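*Asks:* If you scroll down you'll find the structure; I have some questions about it.
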Amino acid sequence: MGGYELLRILWAAFIGLGIIAAGVLTLTSKGEPGIGFRIGYTYISERARRKANRVSGIGTILTGVFLIILSPFLTFAWLAVVLLLGLGTTIFLAYLTAKREYELEELSKEVPKGPGRKIEPPDLKVYIGLQAVFLGIFALFSTTGSVSKETTLILGGALLLLLALTVLASRPLVFQLAPGFSGIMARKFARALTIVSGLITAEVALAALGYELGPLGIVFLLIISLGVIFYAAFTALTGAYEEGYY
């Protein structure tokens, strides 16, 4: 076994075991704050929370298991694809489950005497549009051969996942608990994802255009990247606090 293969297996084992642990926590969650699949539907419906956590937990565990099992046979790029597909599919199925269970629970209740206040979806068109532009730029570099196939698989999949999550956040009740919630968290979450999407596209563009950064440039780019990611995470967290998720 070569050093590269051993490194790949160790990386997959580390990531896979962490994902499995997260899946087990999700599957066994009893409603603890911050644990499990937490969106608007699961906050207002215990039934939706239980079913979505079951789907999310099982999907997350399976993703980790497959990542570990396939690590001796796949390259880093394909393992990243497995990771993105597994987690992306799990999030989508858990969302559909939570939405369906919430709607079934609502149907089983008595119809209110008066019309309720409608929950308006947050307007995230700007962020969705920006991410679509970033994805288009990335696709342009990929089709011209400026980006390797492995990079296309990994970063292209990541950009698609970020865009899908932003579209998902634009749905009512994903980050909204009641008509009184204004969609602050959804907008800041979408902004955070758009910032990360822009960072990925900018770094791919630099590489595709052949810019040689040198050692100092690489360090500078790393510092900027970490700062951008920190700002994106901070933006998402402040949005959660302002909206009342604490």
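*Asks:* Find the residue count for the range 149-177, including only residues that are hydroxyl-bearing (S, T, Y) and open to solvent by less than 40 Å² (accessible area, probe 1.4 Å).
*Replies:* Here is the first cut: in the range 149-177, the residues hydroxyl-bearing (S, T, Y) are 151-152, 166, 170.
From what is left, the residues that are open to solvent by less than 40 Å² (accessible area, probe 1.4 Å) are 166, 170.
Final tally of qualifying residues: 2.
*Asks:* Those residues that are more than 30 Å from M185 (Cα to Cα) and either in the same structural domain as K99 (by the TED database) or open to solvent by less than 40 Å² (accessible area, probe 1.4 Å) (or both), I need them from the range 138-148; list them, please.
*Replies:* Quick first cut of the range 138-148, residues more than 30 Å from M185 (Cα to Cα) only: 140-148.
Once the filter is applied, which keeps residues that are more than 30 Å from M185 (Cα to Cα) and either in the same structural domain as K99 (by the TED database) or open to solvent by less than 40 Å² (accessible area, probe 1.4 Å) (or both), the range 138-148 yields F141, S142, V147.
*Asks:* Another question, then. Starting from the range 21-42, keep only residues that are outside the structural domain of G64 (by the TED database) and at positive phi, then list their pairs with residues that are part of a loop (DSSP other than H, G, I, E, B) and surrounded by fewer than 20 Cβ atoms within 10 Å (Cβ to Cβ) whose Cβ atoms are within a distance under 9 Å, requiring at least 6 positions of separation or different chains.
*Replies:* So the pair list comes out empty.
*Asks:* Sticking with this structure for a sec: Can you go through I223, I218 and tell me which one is of a type in the set (A, V, I, L, M), open to solvent by 80 Å² or more (accessible area, probe 1.4 Å) and modelled with pLDDT of 80 or more?
*Replies:* Details: I218 fails: modelled with pLDDT of 80 or more.
Checking each option against the conditions leaves just I223.
*Asks:* Is it true that some residue in the range 181-198 is within 13 Å of the chain's Cα centre (by Cα) and surrounded by fewer than 18 Cβ atoms within 10 Å (Cβ to Cβ)?
*Replies:* no
*Asks:* While we're looking at this one, here's another question. Among residues belonging to the range 226-242 that are open to solvent by less than 80 Å² (accessible area, probe 1.4 Å) and of a type outside the set (S, T, Y), point out the one that is modelled with the lowest pLDDT.
*Replies:* Residues of the range 226-242 that are open to solvent by less than 80 Å² (accessible area, probe 1.4 Å), as a first pass: 227-228, 232-233, 235-236, 238-240.
Subsequent filtering for residues that are of a type outside the set (S, T, Y) retains 227-228, 232-233, 236, 239-240.
Numbers: G227: 87, V228: 86, A232: 88, A233: 86, A236: 82, G239: 79, A240: 72.
Only one residue tops the list, namely A240.
*Asks:* Next up: Tell me the residue from Y95, Y43 that is within 30 Å of P122 (Cβ to Cβ) and open to solvent by 70 Å² or more (accessible area, probe 1.4 Å), please.
*Replies:* Working: Y95 fails: open to solvent by 70 Å² or more (accessible area, probe 1.4 Å).
Just one listed residue meets the conditions, Y43.
*Asks:* Quick one: how many residues across the range 34-90 are outside any helix (DSSP H, G or I) and either closer than 29 Å to A240 by Cα or not aliphatic (A, V, I, L, M) (or both)?
*Replies:* Initial filter on the range 34-90 (outside any helix (DSSP H, G or I)): 34-39, 45, 71-75.
Narrowing the set further to residues that are either closer than 29 Å to A240 by Cα or not aliphatic (A, V, I, L, M) (or both) leaves 34-39, 45, 71-73, 75.
Number of matching residues: 11.
*Asks:* With (1) farther than 28 Å from L155 by Cβ; (2) surrounded by 18 or more Cβ atoms within 10 Å (Cβ to Cβ); (3) not polar (S, T, N, Q) as the list, and V24 as the residue in question, which single condition is left unmet?
*Replies:* (2)
The values are calculated or read from the model by the stated rules, or taken from the named source; none is laboratory data. Just so we're clear, the structure is a prediction, and the values are computed from it rather than from any experiment. Using ideal geometry, Cβ is built from the backbone for each residue, glycine included, and neighbour counts are taken over all protein chains shown. Just so you know, the surface numbers come from the protein's heavy atoms only, side chains and all, with ligands and any DNA or RNA stripped out. Shrake-Rupley method; radii C 1.70, N 1.55, O 1.52, S 1.80 Å.
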